[in-house]
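Structure first, then comments.
The values are calculated or read from the model by the stated rules, or taken from the named source; none is laboratory data. On a predicted model such as this, the values are computed, not experimentally measured, just so you know. A quick note on method: Cβ atoms are made from the backbone with ideal geometry, for glycine too, and the neighbour counts reach across all protein chains shown.
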Amino acid sequence: MSRKPLLAAIKERPLVGDGAMGTQLMLAGLAQGNCGEEWNLTQPERVLAIQRRYADAGSDCILTNTFGGSRIMLNRHSNADKVAAINRAGVEIARQAFDGRDGYVIGDIGPFGGLMEPYGDFTEEQVRSAFNEQAQALVDAGADAIIIETQTSLEELLLGIEAAKLAGAPCVIGSMAYDVTLDGSTFRTMMGVDPERAAHFMEEHGADIVALNCGTGMDMERARQAAARYRKVTSLPLMVQPNAGQPKLVNMQVVYDETPGQMVAGVPALLEAGVAIVGACCGSTPDHIRAFRLAVNQYENSTVRN
Ligand SMILES: [Zn+2]
C-alpha cells in the first residue's frame with residue numbers, strides 16, 4: 001500500500017468526502033425501517049454501485065455503509081450475530097469503489113440509537129462493548145480512519161473515540177450533529193453541546209479530526225460558522241458534511257431541497273475557514289459531490305500554497 005496516511009494527505013491539500021448513503025439506499029430500493037447495513041452482505045452490488053458513483057464523482061474519502069453497524073443497532077434487525085461480517089464487508093465494498101485508485105475508506109460508526117443510564121436503558125458497558133466490537137471489525141478490515149458521527153452527547157462520543165483508539169485506528173474523527181436553535185441565533189447538539197466544548201473535548205480525548213455532519217438547519221453557512229468556532233479553540237484538522245438543505249415531505253416522501261449549485265456556493269468559504277475534508281450528509285447525491293470536486297480543484301488552482 002503506497003497510499004499516504006489520511007492525516008498526512010490532508011496536510012497537503014483539502015480532500016473531498018462523499019455524500020449521503022441512507023437516502024441513496026432508499027432510492028436503490030431499501031424500505032423505510034429496514035436494515036441498510038445488511039445490504040453489505042445481501043446486496044453488496046447495490047451498495048458498491050452507490051459508492052462507485054461517489055468515487056467517480058471525485059470523492060477522496062468514502063464512508064463505509066456501517067452507520068448502524070453496532071451490535072445494539074443490528075440487534076433491532078436480528079443481525080447481532082453479523083456485526084463482524086457486516087462491518088468487514090462494509091470496508092471491502094468501499095475499497096472496491098475506488099477501483100484501485102488512491103482513496104480513503106472511513107469506517108463509519110453512528111449513534112447506538114438510544115440513551116445511556118440514567119436517562120435511558122443502556123449501560124455504559126453495553127455501549128462501550130458494542131463500539132469496541134464495531135471499531136475492531138472496521139480496523140481489522142483495513143479502514144484508514146474511523147468516524148464516530150451524528151453524535152449529540154459527549155459521553156457517547158467518548159466511548160466511540162476510545163473504541164477507535166483501542167482498535168488501533170490510524171485516524172479518529174469525531175463528528176457532531178448540531179441543530180439551529182428556535183430563535184436562529186446559534187446552534188448546539190440535542191444534548192446541549194456547543195462547537196467550542198465539542199472541539200475541546202475531542203482534542204482532550206485524542207481525536208485526530210474535529211467534524212460535524214447532519215443536524216437541523218445546518219446549511220453550508222452554518223457549517224462554516226461551526227468550523228470557524230472549532231478553529232478558535234483547536235488546531236486539529238476539520239471535516240464538515242452538511243445536509244443538502246432541509247427535509248421536506250413531498251408526496252409522502254422525504255426530499256432535500258438544496259441543489260448541487262446552491263450547496264457548492266458554500267465550499268470556498270469552508271476551505272477558507274480551514275476545512276480539510278468537505279463532504280455532505282442527508283439528501284446529497286453524486287451530483288453534489290461532483291460539484292464539490294470542481295470547486296475544491298478550482299480553489300486549489302487559485303491558491304498559492306507553500
Ligand atoms: Zn445526515
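Output the residues belonging to the range 269-306 that are over 22 Å from Q51 (Cβ atoms) and surrounded by fewer than 18 Cβ atoms within 10 Å (Cβ to Cβ).
A269, E272, G274, Q298, Y299, E300, N301, S302, T303, V304, R305, N306 - these are the residues of the range 269-306 that are over 22 Å from Q51 (Cβ atoms) and surrounded by fewer than 18 Cβ atoms within 10 Å (Cβ to Cβ).
If you check M191 against the conditions, is it touching a Leu at 6+ places or on another chain (Cβ under 6 Å) and either within 16 Å of the ligand (Cβ to nearest atom) or under 15 Å from E156 (Cβ atoms) (or both)?
Numbers: touching a Leu at 6+ places or on another chain (Cβ under 6 Å): no; either within 16 Å of the ligand (Cβ to nearest atom) or under 15 Å from E156 (Cβ atoms) (or both): yes.
No.
Has the range 224-234 got at least one residue that is small (G, A, S), under 27 Å from R197 (Cβ atoms) and either surrounded by 20 or more Cβ atoms within 10 Å (Cβ to Cβ) or in contact with a Ser or Thr (Cβ under 6 Å, 6 or more places away or on another chain) (or both)? Even if it seems obvious, please write down each step before you answer.
Step one: list which residues in the range 224-234 are small (G, A, S), which gives 226-228.
With under 27 Å from R197 (Cβ atoms) added as a condition, the list becomes 226-228.
Still in the list and also either surrounded by 20 or more Cβ atoms within 10 Å (Cβ to Cβ) or in contact with a Ser or Thr (Cβ under 6 Å, 6 or more places away or on another chain) (or both): 226-227.
Yes - at least one qualifying residue is present in the range 224-234.
Residue by residue through the range 176-202, note down the ones that are over 11 Å from Y230 (Cβ atoms), touching a Pro at 6+ places or on another chain (Cβ under 9 Å) and of a type in the set (A, V, I, L, M, F, W, C).
Correct list: A177, F187.
Considering each of T42, T23 in turn, give the residue that is out of contact with any helix residue (DSSP H, G or I) (no Cβ under 7 Å at 6 or more places or on another chain), among the β-branched types (V, I, T) and in contact (Cβ under 8 Å) with a residue 40 or more places away in the chain. Quick ask: steps written out before the conclusion?
Details: T42 fails: in contact (Cβ under 8 Å) with a residue 40 or more places away in the chain.
When all the criteria are applied, what remains is T23.
Which of the residues spanning the range 104-127 are surrounded by fewer than 19 Cβ atoms within 10 Å (Cβ to Cβ) and assigned to a helix (DSSP H, G or I)?
In the first step, residues of the range 104-127 are kept if they are surrounded by fewer than 19 Cβ atoms within 10 Å (Cβ to Cβ); the result is 113-115, 117-126.
Scanning the range 104-127 gives E124, E125, Q126.
Output the residue which, of all residues in the range 90-103 that are of a type in the set (D, E) and at pLDDT 95 or above, is surrounded by the most Cβ atoms within 10 Å (Cβ to Cβ). Outline the logic, then answer.
So in the range 90-103, the residues of a type in the set (D, E) come out as 92, 99, 102.
Checking which are at pLDDT 95 or above leaves us with 92, 99.
Working: E92: 17, D99: 10.
Ranking the candidates gives E92 first.
Determine which single condition K82 fails, assuming it passes every other condition in (1) touching a Leu at 6+ places or on another chain (Cβ under 9 Å); (2) among the charged types (D, E, K, R); (3) assigned to a loop (DSSP other than H, G, I, E, B).
Among (1) touching a Leu at 6+ places or on another chain (Cβ under 9 Å); (2) among the charged types (D, E, K, R); (3) assigned to a loop (DSSP other than H, G, I, E, B), K82 violates only (3).
Of the residues in the range 129-182, how many are within 16 Å of the ligand (Cβ to nearest atom) and under 16 Å from R71 (Cα atoms)?
So the answer is 1.
Check A137, A164 and return the single one that is buried (at least 22 other Cβ atoms within 10 Å of the Cβ) and either farther than 21 Å from G17 by Cβ or touching a Cys at 6+ places or on another chain (Cβ under 8 Å) (or both).
A137
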